[in-house]
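Q: Input: one structure, supplied below.
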Amino acid sequence: MRALRPDAYPPVFFAVALVATVLSPTRAAPIAIAWVAAALFPVLSFLSPPARHWRGPILMTALGCAIGLVLAVSPEHRPFSTALQTGATASVVLEGVLVEDAALSAEGGARYRVRVRWVSADAANTSAVGIATIIARRGEEFAAGRVIRAVVPADRLPAAGLPGDAPSAGFIRADSVEAVGWAAPRYELRARVRAALFDRIDGMGYRAGGLFRALTTGSRAQLSRAQQASFRESGSSHLLALSGMHLGIIAAVVFAATRVLWGNRVAFLITLVAAVGYVALVGARPSLLRALTMFAVGGGIALAYRSTEPINVLAVAVALPVIVTPHLAGELSFQLSVFSLVGIIAIAPLVYRRLVRRVPRLLAAPLSAAFGAQLATAPLTLGVFGVVHPVAVLSSLLLVPMVTLFVWSGLVWLSASLIMPLGANAYTGTAYTGAASALESGFGVPALLLALLREQASLIHHTASFFAEVPALLASPLVWGAVMLALAVCVVDGLDWFRWGDG
């Protein structure tokens with residue numbers, strides 16, 4: 001019999017209370033929960049042993065609510081709002097610092113996440129704090145740390161916020177956006193390194209370079225509309241959003257290369273440093289922060305020869321980034337990343353133990369993981385996008401290993417290109433590596449690698465396009481009912497598993 005004891009999961013109670021408090025539209029409920037939990041803690045010490053198992057979770061819940069309340073009232077992480085009196089002016093000027101790299105759409109539009117400094121209208125300036133998401137019809141791919149100035153119609157500014165506002169910023173549509181400087185020299189240095197990397201990647205050609213750039217740096221500026229549409233409609237958009245999978249692909253290469261020479265401990269430390277450097281280079285995106293924290297905590301526990309429940313590691317990986325940057329709790333990418341991991345950790349094992357009796361283990365494991373992630377994120381995707389792609393369970397079976405092999409091949413080509421002379425890129429007009437030139441001459445190992453990369457990119461696109469032909473399910477009472485029923489079955493099956501064991 002497997003015992004389901006609440007005191008085995010104190011990080012989970014802490015993380016849930018913390019995130020729920022930060023996201024709560026009011027402060028009354030978290031305050032009440034914190035006081036009740038604090039009052040129950042000493043009472044449980046005098047009750048029966050089963051009741052004492054709740055002392056740790058109760059204490060962690062109270063602590064999570066208390067820290068969440070402190071973070072929720074911090075003005076630095078509140079959504080942007082201003083009390084500026086705009087009068088009869090038609091537009092205002094907003095200045096702030098990009099907290100992450102700009103995201104460009106296939107149509108040329110841009111999205112900027114900005115920590116606002118000040119707002120000006122009719123020659124009157126006022127300081128402002130908070131995070132704003134600015135949308136522009138046309139924009140440049142500015143890097144994080146860039147100071148930008150946006151011209152925004154006065155009627156599109158949010159009103160002054162109330163103390164109970166949830167920390168999720170709305171969209172502000174700007175007429176124009178321009179860069180006016182850097183917040184610090186280190187941001188400019190990072191942008192230069194990032195631009196040099198983009199120049200190298202562009203040497204792969206339009207389709208291969210655009211896909212590799214999106215998969216490794218998160219930049220979709222060179223990704224065609226057809227490529228983006230094929231991933232989106234096949235339910236594989238998560239492959240283009242940097243997450244734990246992408247960090248794992250990079251970390252696996254570094255760990256495998258260093259483990260042979262220095263052993264597990266040194267290899268883990270080198271890999272951790274490389275992972276931190278990778279996140280710093282491509283940007284501290286919410287899902288990457290969660291993955292990096294989970295890698296550091298989980299790897300440290302494993303090297304210390306300790307064991308813990310994976311869900312506890314995930315809880316710590318959720319709580320730490322939210323404490324440092326509270327507005328992450330309201331980020332959709334962060335929420336999808338967390339829910340997909342919950343599905344892989346909690347739902348996938350239930351599916352696997354039944355599926356493995358009917359299909360080979362090699363197929364049962366990825367199918368179970370894909371189903372668990374899809375089911376756990378389904379309520380969120382239905383609520384936000386109004387659509388869910390069940391075909392993603394099947395498309396992931398092919399696209400995940402194909403993408404992994406493509407990234408590994410690209411890293412090998414990129415490493416080889418660093419020691420070769422630069423030439424003129426016939427595809428983009430920018431500097432590019434000698435490997436691309438070698439391809440045009442038809443000789444050399446780099447030429448073969450580049451040809452392989454382009455074939456892989458084409459195969460990935462055609463595979464995604466094939467699955468994109470399968471219709472998606474639009475939000476409806478029937479679809480919602482099926483999703484909630486499937487989740488309920490998993491909950492019941494999970495409780496039965498813990499009660500009676502694997503059987």
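Q: So which of Leu399, Leu459, Leu414, Leu452 is at pLDDT below 85 and either closer than 27 Å to Tyr278 by Cα or out of contact with any Leu (no Cβ under 8 Å at 6 or more places or on another chain) (or both)?
A: Leu414
Q: Restricting the search to the range 95-151, which residues are part of a loop (DSSP other than H, G, I, E, B) and at pLDDT below 80?
A: Once the filter is applied, which keeps residues that are part of a loop (DSSP other than H, G, I, E, B) and at pLDDT below 80, the range 95-151 yields Ser105, Ala106, Glu107, Gly108, Asp122, Ala123, Ala128, Val129, Gly130.
Q: If you don't mind, another one. When residues of the range 219-273 are filtered for being in contact (Cβ under 8 Å) with a residue 24 or more places away in the chain, small (Gly, Ala, Ser) and part of a helix (DSSP H, G or I), how many remain?
A: Residues flagged as in contact (Cβ under 8 Å) with a residue 24 or more places away in the chain, small (Gly, Ala, Ser) and part of a helix (DSSP H, G or I) within the range 219-273 amount to 6.
The values are calculated or read from the model by the stated rules, or taken from the named source; none is laboratory data. As the structure is a computational prediction, the values presented were derived from the model and not from experiment. Note: ideal-geometry Cβ built from the backbone for every residue, glycine included; neighbour counts use all protein chains shown.
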